[in-house]
Every structure is written in structure tokens, then in C-alpha cells.
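What follows is a single structure, written as C-alpha cells, with notes after it.
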Amino acid sequence: MSKKLYAVLTGDVVRSSKLTSAELDRLFEALAEAVREAGGWDASLEHTQFYRYRGDGWQLVLREPRWALRLCLFLRASLKAADPQFATRIAVGIGGVDHLDETNLAASSGEAFELSGQLLEGMSSSRTLAVALGSGAPTKIALLTSVFVLCDTISQSWSHLQAVVLRYGLKPEAPHQSAIAKLLEPPITQSAVAQRLSGGNSEALIQAITHSEALLARSAPPPKRETR
């Protein structure tokens with residue numbers, strides 16, 4: 001029987017040495033708030049815990065890996081929307097977990113944790129978002145590595161104004177453009193929202209997210225059958 005897959009997201013702050021301690025605290029507050037907001041997307045995300053460690057590092061675990069790419073991009077948009085200089089690298093490890101201690105992730109272990117940590121340590125200077133797939137992950141989702149590279153390249157070029165709009169447009173049940181326009185402070189026009197979404201390549205990103213979610217949802221192990 002296939003082993004249950006988890007997604008472990010491990011990250012660190014880009015150019016953290018150039019931020020003051022107050023700015024760094026504000027960045028982590030923006031990340032934590034984005035994770036809390038994402039908790040309303042689905043029951044599997046409701047109790048997702050965000051942990052800060054080693055000064056400029058952080059980590060979280062997703063019980064449903066299908067949310068990984070959407071959450072990564074939502075976190076990135078939320079940071080840039082909060083402050084144009086805020087950015088984080090994110091390494092996603094998708095695999096099994098041997099022990100999960102949600103009160104202390106440092107005490108947790110398993111393939112997903114190892115993959116995520118190793119990926120972040122070995123990430124090239126040009127990359128800020130990547131995924132590594134474990135031995136238990138179906139070969140059919142191997143193309144996700146390329147999808148993450150493309151989404152990384154696109155999202156690295158977002159402007160602050162685009163990110164402000166994209167943090168709404170990337171949600172699973174995104175508001176209509178006219179509603180997004182009214183949510184902003186100060187409000188803008190619907191056409192301005194459309195322009196910023198287009199400039200941020202939201203249509204391509206949503207297609208990539210939808211495809212990755214479908215692949216990972218199909219790769220989940222089937223429920224246990226009762227033996228007779």
C-alpha cells in the first residue's frame with residue numbers, strides 16, 4: 001500500500017542581513033498571518049503550524065501536499081505585498097514522515113523533512129522556490145519540479161503592486177476582480193486589478209497550480225479497505 005505523503009516547507013529570508021530586527025519581525029508576522037489565512041482554504045490546512053527557527057529560518061508541514069505550490073506562491077505574494085524588500089526562499093519536500101511532532105517540528109523526522117532541508121541547503125543562487133520528491137512519490141508527478149521552476153521564475157519578477165492583487169487572486173476561491181478592487185486600501189478600479197493580474201502572469205500560474213493540485217490529489221493513497 002502506498003505510504004501517506006506529506007509536504008514539508010522549509011524556508012529562509014532572502015538578504016536577511018540587510019533587514020533590521022524590527023523589519024525581520026514584521027516579515028515573520030506577515031508570513032504567520034498568511035499561513036493563518038490559508039488555514040481557511042480547506043479543513044486539512046486549518047491547524048497548520050508555522051515555526052520560526054535559527055533567526056531567519058522557518059518551517060511548516062502540510063498534511064495534504066496538493067496545497068504546496070499554491071501556498072508557496074501565496075506566501076511570496078503576501079511578503080512582497082507587505083514590503084517590496086521582503087522575500088523568502090522555499091524548499092518543498094514531498095515524501096513520507098516517520099514521526100511528526102506538531103508542537104516541535106525539530107523533533108520530527110522522515111523523508112519529507114530530509115528532502116526539504118537538503119534542498120534548501122543546496123539551492124542555487126538563482127533559485128528561490130523548488131521541490132524534491134521522495135522515493136514514495138509516484139513518477140507521474142516528477143514534472144512538478146519543472147512546474148516549480150517556472151513558477152519561481154515568474155514570481156521573482158512580481159512588483160509590489162502586482163503582489164498586492166495576486167495575494168487575493170491566488171486563493172482557491174478568489175474574489176472577482178471588482179471585489180478585489182474594493183478590498184484594497186485605497187480602492188482601485190477593476191481594470192487596474194485586471195492589469196496587475198495580467199502583469200503578474202496570474203493566468204499561467206493558476207493553470208500550473210490547478211495542474212499540480214490535480215496530480216497530487218490523484219497520487220494520494222487510497223483509503224484502507226476493511227478485511228473480511
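Criterion first (polar (S, T, N, Q) and under 14 Å from the mean Cα position of the chain (by Cα)) does SER78 satisfy it?
When the stated conditions are applied, SER78 passes them.
Checking the conditions here, which among ALA30, ALA7 is touching a strand residue (DSSP E or B) at 6+ places or on another chain (Cβ under 9 Å) and surrounded by 13 or more Cβ atoms within 10 Å (Cβ to Cβ)? Please lay out each step first, then the result.
Working: ALA30 fails: touching a strand residue (DSSP E or B) at 6+ places or on another chain (Cβ under 9 Å).
Residue meeting the stated conditions: ALA7.
Cβ-Cβ under 7 Å, sequence separation 6+ or interchain: first residue in the stretch 188-204 and more than 14 Å from TYR168 (Cβ to Cβ), partner small (Gly, Ala, Ser) and outside any loop (DSSP other than H, G, I, E, B). Which pairs?
Correct list of pairs: THR189/ALA181.
Go through (1) within 25 Å of ILE206 (Cα to Cα); (2) part of a loop (DSSP other than H, G, I, E, B); (3) touching a strand residue (DSSP E or B) at 6+ places or on another chain (Cβ under 8 Å) one by one and return the number of the condition VAL97 breaks.
For VAL97, the exception is condition (1).
Would you confirm whether any residue within the stretch 156-165 is of a type outside the set (S, T, N, Q), touching a Pro at 6+ places or on another chain (Cβ under 6 Å) and closer than 21 Å to ALA87 by Cβ?
Within the stretch 156-165 (the criterion being of a type outside the set (S, T, N, Q), touching a Pro at 6+ places or on another chain (Cβ under 6 Å) and closer than 21 Å to ALA87 by Cβ), the answer is yes, since at least one residue qualifies.
How do the pairs read when you match residues in the stretch 84-104 that are in contact (Cβ under 8 Å) with a residue 60 or more places away in the chain with residues anywhere that are of a type in the set (Phe, Trp, Tyr) and crowded, with 17+ Cβ neighbours inside 10 Å, using Cβ under 6 Å and keeping only pairs 6 or more apart or on different chains?
VAL97/TYR6
Rundown of residues vs (1) surrounded by 13 or more Cβ atoms within 10 Å (Cβ to Cβ); (2) closer than 27 Å to ARG36 by Cβ, yes/no style:
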{"site": "SER116", "(1), (2)": "yes, yes"}
{"site": "SER125", "(1), (2)": "no, no"}
{"site": "LEU129", "(1), (2)": "yes, yes"}
{"site": "LEU133", "(1), (2)": "yes, no"}
{"site": "ILE141", "(1), (2)": "yes, no"}
{"site": "GLY169", "(1), (2)": "yes, yes"}
{"site": "HIS176", "(1), (2)": "no, yes"}
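With the structure loaded, tell me whether GLU114 is charged (D, E, K, R) and modelled with pLDDT of 90 or more or whether it fails that test. Walk me through it before giving the result.
Numbers: charged (D, E, K, R): yes; modelled with pLDDT of 90 or more: yes.
It is true that GLU114 is charged (D, E, K, R) and modelled with pLDDT of 90 or more.
Kindly list the number of the only condition in (1) under 21 Å from ALA132 (Cα atoms); (2) surrounded by fewer than 13 Cβ atoms within 10 Å (Cβ to Cβ) that fails for ARG15.
(1)
Among (1) under 16 Å from the mean Cα position of the chain (by Cα); (2) at pLDDT below 95; (3) buried (at least 16 other Cβ atoms within 10 Å of the Cβ); (4) not basic (Lys, Arg), where does SER146 come up short?
(3)
The values are calculated or read from the model by the stated rules, or taken from the named source; none is laboratory data. From a predicted model like this one, the values you see are computed outputs, not experimental measurements. Cβ sites come from the backbone with ideal geometry, for glycine too, and all protein chains shown count toward neighbours.
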